[in-house]
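Below is one structure; the comments refer to it alone.
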Amino acid sequence: MTLSKEDAPPLASDEILEASRALLRDGRRDEALDLLEEGCRRFPGAMADGVPVFGQAFVQAVLEAWEAGPQITRRRLALQARLVGLIDGHPALVLPRFQWLDYILRTSRPFGPVVRTHLWNRAVVDPAVPFPQLLRLVSFAFHARATETLRLAVPRLRQLLARRLARHGAEDVPAWCQAGDIHLLADEPVEAEACYRTALDQDPACARAVVGLACAALARDATELACTLAERAADMLREAGEAEAAAAIDGAVLLWSRRMAVAPPASLEVVFFCHVSGKLNRNAHLGAPGLGLLEGAVRSLRQAMPLPDGVPMTVFYDHRDTAMNRAFLANLMRFCEEEGLGLVINTEHGLRRQWLHAFGRGDADVVMVVEQDHDFIPPCPSPAEILDLFARRPDLNQLRLNRRANIATGFDALLVQGARDRADGVTFTARFSNTPQFLRRDFYAGLVLPRIDHDIGNDGRNQGAGGVEDNINPWLRRLEGVIGVVAPMRLAGLAIWGHPGDPARCAHMGV
């Protein structure tokens, strides 16, 4: 008698694996994945080196299917849904031992970011995930700027920390500081202060907690208190041998204190950085030896942000002795004379040297930096609004007009906006950028200049544009390793005009 398919005994675990491989070889991907998912359901305890056998086989089959087939969006979304379905359909298999899946996805560009974040978001709230693994997830989320994961993690993190307080208080001080940082990112300064104070109760020498309290004070517009707390933190860091972090805090406190004691910034100047570009990917007709890019930048600035009479505007030209550069320079000299622009010719190449020359010559309180291919998009803030904002906010050092929408990606992967920032219409970011910006001269002199003055190592990066941001951002990353993620962005005072999600205020006409 022949058994029907319905009457056949269920496949053993080895048979499922072999049958799924055969289906995959025949191109029957969905059937193979269904069979492997059955294995996940029936044999959750099947392990190899601590990794679920069927879970790993399922994920590997998805990744191999993507590599072997047409890589189109519809297909990627379908396979991504299968991975998410594995997490949601088999939480007991995946979540308590999430590391194996996280490790596989770490190098998967098509699926990694989305599926990893989904995995983290499920794991941080799952009671089966033990405390040490929760801490790992929180660290992963800080590194990846996964703010949703951090927001979901903090209630359980604080609950577990509170339970451990009597026996593991000093051991958990870094985790209390991380919880405080998460609350600051979520604009919850009161909750943040509670976490930092708990950390200090367990370790009175915890400088990171004192820096966090200073940041919370800034969020509440208590700048004098922030200065006092930051000075205390700097002393503690010096005693602990963290001289670089202590110096960074000292520099920030010096700027805040001085600005509260003197007249607000009242003068503005504009500098344009200009050079002969290579072949342009867009608007090639604007390239050298013509001045289409610079002409467009000057015109769009004057239209989108009319400047008061008397605001100096200077072009800093990066010259090389070639026939193209000489023809370009001749056109540039005529243009500057006709438009009433100053002109400075540099022969030491690269953006870093242009910054040194530009900031070394002027004396305005606030400097607007414009690259030659910028196209400003109304509505932009007026110069009066900019100066008024700097006057109200002694903690603000740089204000950027973003060249893309204010979304959390790239240099702006971490965007933070507290109640005070919302009222002022700005969003803080964790990284320095060369895009169009208003920069306080005292910030340049105190914190930027010491890091770009003699460091030529990055001058050749990003087609000569890396000598500024590629010196500043490693410094910010080093500070994060000592005082956490939130404190450096507040100490540096780097902001973007507008709210999260607002459209771009600038575009590139060229590259």
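The values are calculated or read from the model by the stated rules, or taken from the named source; none is laboratory data. For clarity, every value in this text was computed on a predicted model and none was experimentally measured. Here Cβ is always computed from backbone atoms with ideal geometry, including for glycine, and neighbour counts include all displayed protein chains.
With the structure loaded, tell me whether residue 406 is in a loop (DSSP other than H, G, I, E, B) and in contact with a Pro (Cβ under 8 Å, 6 or more places away or on another chain) or whether it fails that test. The answer is yes for residue 406.
Once segment 136-161 is narrowed to residues that are of a type outside the set (A, V, I, L, M) and more than 17 Å from residue 409 (Cβ to Cβ), the residue that is surrounded by the fewest Cβ atoms within 10 Å (Cβ to Cβ) is 159. Of the helices (runs of 4 or more DSSP H) lying entirely inside segment 1-88, not one contains at least 2 residues that are in contact with a strand residue (DSSP E or B) (Cβ under 8 Å, 6 or more places away or on another chain), exposed (fewer than 13 other Cβ atoms within 10 Å of the Cβ) and hydrophobic (A, V, I, L, M, F, W, C).
Residue-by-condition table, conditions (1) β-branched (Val, Ile, Thr); (2) over 18 Å from the mean Cα position of the chain (by Cα); (3) part of a loop (DSSP other than H, G, I, E, B); (4) at pLDDT below 90:
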| residue | (1), (2), (3), (4) |
| --- | --- |
| 433 | no, no, yes, yes |
| 438 | no, yes, no, no |
| 445 | no, yes, no, no |
| 470 | no, no, no, yes |
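Is it true that some residue in segment 406-427 is farther than 22 Å from residue 187 by Cβ, surrounded by fewer than 21 Cβ atoms within 10 Å (Cβ to Cβ), in contact (Cβ under 8 Å) with a residue 60 or more places away in the chain and within 15 Å of the chain's Cα centre (by Cα)? Among the residues of segment 406-427, not one is farther than 22 Å from residue 187 by Cβ, surrounded by fewer than 21 Cβ atoms within 10 Å (Cβ to Cβ), in contact (Cβ under 8 Å) with a residue 60 or more places away in the chain and within 15 Å of the chain's Cα centre (by Cα), which makes the answer no. In segment 44-99, the residue that is nearest to the chain's Cα centre (by Cα) out of those that are charged (D, E, K, R) and more than 20 Å from residue 14 (Cα to Cα) is 76. Evaluating residue 402 against the criteria (1) crowded, with 19+ Cβ neighbours inside 10 Å; (2) closer than 25 Å to residue 150 by Cα leaves one unmet condition, (2).
Against the list (1) closer than 30 Å to residue 260 by Cα; (2) crowded, with 17+ Cβ neighbours inside 10 Å; (3) in contact with a strand residue (DSSP E or B) (Cβ under 9 Å, 6 or more places away or on another chain), the condition residue 189 fails is (3).
Kindly indicate the residue of segment 162-186 that is of a type in the set (D, E, K, R) and out of contact with any Gly (no Cβ under 8 Å at 6 or more places or on another chain) and also surrounded by the most Cβ atoms within 10 Å (Cβ to Cβ) among those meeting that condition.
To start, the set of residues in segment 162-186 that are of a type in the set (D, E, K, R) comprises 163-164, 167, 171-172, 181.
Pick out the ones that are also out of contact with any Gly (no Cβ under 8 Å at 6 or more places or on another chain) and you get 163-164, 167, 171-172.
Values: 163: 11, 164: 14, 167: 8, 171: 11, 172: 24.
Restricting to residues being of a type in the set (D, E, K, R) and out of contact with any Gly (no Cβ under 8 Å at 6 or more places or on another chain), the top hit is 172.
You will find that of 153, 192, the residue that is farther than 16 Å from residue 125 by Cα, modelled with pLDDT of 95 or more and under 26 Å from the mean Cα position of the chain (by Cα) is 192 and no other.
Do we have residue 259 as basic (Lys, Arg) and either assigned to a loop (DSSP other than H, G, I, E, B) or on the phi > 0 side of the Ramachandran plot (or both) here? Step through it out loud before you land on a result.
On the way: basic (Lys, Arg): yes; either assigned to a loop (DSSP other than H, G, I, E, B) or on the phi > 0 side of the Ramachandran plot (or both): no.
For residue 259, the condition - basic (Lys, Arg) and either assigned to a loop (DSSP other than H, G, I, E, B) or on the phi > 0 side of the Ramachandran plot (or both) - is not met.
Taken together, the criteria exclude residue 402 from residues that are touching a strand residue (DSSP E or B) at 6+ places or on another chain (Cβ under 7 Å) and closer than 23 Å to residue 181 by Cβ.
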